[in-house]
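Read through the structure below, which is laid out as structure tokens, and then see the notes.
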Amino acid sequence: MRYLRRLVIGLGVVFLGLGLYSGDKIYFMGVSVILSLIIYALATNIWVLMDFRYLQSITPQQASKGDPVTLSIQIHNDKPFIYPYMKVFYKVPESILSNNYKEEVLSILPFQYNEIRENFICSLRGEYTLGITRIEVRDPFGLFALSLNLVNQAYYKPLTLKVNPRILNIPALPLPLVQNEGSSKQEFFATEEPASLADIRQYRYGDPLKKIHWNVSAKLQDIYVKNYETNAQSQILIFIETSPFPADDMTRHQIEDQAVECAVAIVHFILSKSIPVQLIVYHSERQQISGKNPDDFPQFFDYLSVLPFNSPFSADEILLIESAGFPKGQSIILIVHSLNYNLFNHLCRFKQSDIHPFILFVHPSGQVNTEHQRMIDELNKRDIGCIAVPVNERLDHILERTL
């Protein structure tokens, strides 16, 4: 295109020089033709950009992981001349996750329109801003190429797609409080405290100093106190490691998605048996959600659907903070993406203290190294359930093979 533009401009300069030198009108006519050509080419490009019209839609606007979705973009030409070349840049979930664009080249006749239809499968949960973002137009002679960033325009309306985690029906869990027949085992355990630890909350005026949870307060730089309950049915604690996975590509998104899907499946299974469960997540603050029956599942699902992975705490640090409040006989479930010897040692001490951990180790497909496999095997030998969950497999299928 630059070569053609230089050729036309150079030809115009030659005609002008010959016209001034010889005075022949034919050369000045050539200059006029070339000048008109340049003005027309530039004017058509500017006109297209200033009067650009499009329609876009997405069906459905909310989906679950694995559902098909259709993105439709219509480009309308309401002008009496052809759009010879238009490149449309747009986004779908896959391109957003890879920090890229998809593009399509169109040529639209006068008073017609062209449609871009993109069918894709929702592969990862999250909220996505989709649709057209930028266009590039060229004139019929290929002299100029102008672009327009639609995101900065006042009339721009992006499309939003929310992809929820899918809910898997898992067959069983290897925990003392969950029986495969569907019944629950309710026990009460003696602790050194006047009652079992129910939860942890921020300090309120009047709380006694003996209730302060010093480990949590030191980590979060705020005062937290312990809440106790007496004669309560023992509940299952679920911890998710939400520190960022050390990768900048699609692998990080797959790890986060698999961890959330595992948490949703486990919470759904436990609540379906009316067993109390508490989900504990660490970000800048400690967050928890509690439930006792299937009616409580939506609050867990809504929270996990948009759960960010930006915590500064690793799984072993979270256990170090929380372990002081675990009573004997406590069942805990950990969903982690980092398996190290600090975590391994915590789990072994729990087992010796009559605390029953169960670990789901989420990892990239085919990337369980020798050290990880050795720890997984050793944990299982010590009757500490540990299952490796690759990102390309479903948890329900893995549990069906394992249990």
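The values are calculated or read from the model by the stated rules, or taken from the named source; none is laboratory data. Here the structure is a predicted model, which is why all the values come from computation and not from measurement. Please note: Cβ atoms are built from the backbone with ideal geometry, for glycine as well, and neighbour counts cover all protein chains shown. For accessibility, only protein heavy atoms count, side chains too; no ligands or nucleic acids. Shrake-Rupley method; radii C 1.70, N 1.55, O 1.52, S 1.80 Å.
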Worksheet, complete the sentence: Here the residues within region 120-149 that are closer than 19 Å to Y54 by Cβ, of a type outside the set (A, V, I, L, M, F, W, C) and open to solvent by 30 Å² or more (accessible area, probe 1.4 Å) are T129, R134, E136, R138, S147, N149
Practice prompt. Kindly list, by first and then second residue, each pair from a residue in region 38-65 that is acidic (D, E) to a residue that is surrounded by 13 or more Cβ atoms within 10 Å (Cβ to Cβ) and outside any helix (DSSP H, G or I), limited to pairs with Cβ atoms under 9 Å and residues at least 6 apart or on different chains.
Written response: D51/K79
Discussion item. If the requirement is being open to solvent by 30 Å² or more (accessible area, probe 1.4 Å), in a helix (DSSP H, G or I), closer than 22 Å to D139 by Cα and β-branched (V, I, T), which of these qualifies: I96, I39?
Written reply: I39
Worksheet item: Looking at I376, I359, I332, which one is touching a strand residue (DSSP E or B) at 6+ places or on another chain (Cβ under 9 Å), closer than 19 Å to L403 by Cβ, buried (at least 18 other Cβ atoms within 10 Å of the Cβ) and touching a residue at least 60 places away in the same chain (Cβ under 8 Å)?
Response: I332
Worksheet, complete the sentence: Among (1) within 30 Å of A247 (Cβ to Cβ); (2) touching a strand residue (DSSP E or B) at 6+ places or on another chain (Cβ under 8 Å), N100 falls short only on (2)
Worksheet item: Which condition breaks for L347 when tested against (1) modelled with pLDDT of 90 or more; (2) open to solvent by 10 Å² or more (accessible area, probe 1.4 Å)?
Response: (2)
Discussion item. Against the definition (open to solvent by 50 Å² or more (accessible area, probe 1.4 Å) and touching a residue at least 24 places away in the same chain (Cβ under 8 Å)), how does D78 come out, yes or no?
Written reply: yes
Discussion item. Here is a list: F111, F120. Which entry is at positive phi and touching an Asp or Glu at 6+ places or on another chain (Cβ under 8 Å)?
Written reply: F111
Fill in: Residue that is modelled with the lowest pLDDT, among those in region 159-175 that are more than 28 Å from N100 (Cβ to Cβ) and not hydrophobic (A, V, I, L, M, F, W, C)
P174
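Rundown of residues vs (1) among the hydroxyl-bearing types (S, T, Y); (2) touching a His at 6+ places or on another chain (Cβ under 9 Å), yes/no style:
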| site | (1), (2) |
| --- | --- |
| V281 | no, no |
| R286 | no, no |
| E317 | no, no |
| L320 | no, yes |
| S323 | yes, yes |
| I355 | no, no |
| L360 | no, no |
Worksheet, complete the sentence: Restricted to region 196-249 and to residues being of a type in the set (S, T, Y) and modelled with pLDDT under 75, the residue least open to solvent (accessible area, probe 1.4 Å) is S234
Worksheet item: Name the residues in region 123-158 that are farther than 30 Å from P308 by Cα and either at pLDDT 90 or above or touching an Asp or Glu at 6+ places or on another chain (Cβ under 9 Å) (or both), would you?
Response: I135, E136, V137, A145, L146, S147, L148
Worksheet entry | Residue tally, condition part of a helix (DSSP H, G or I), open to solvent by less than 30 Å² (accessible area, probe 1.4 Å) and not charged (D, E, K, R), over region 381-403 | 3
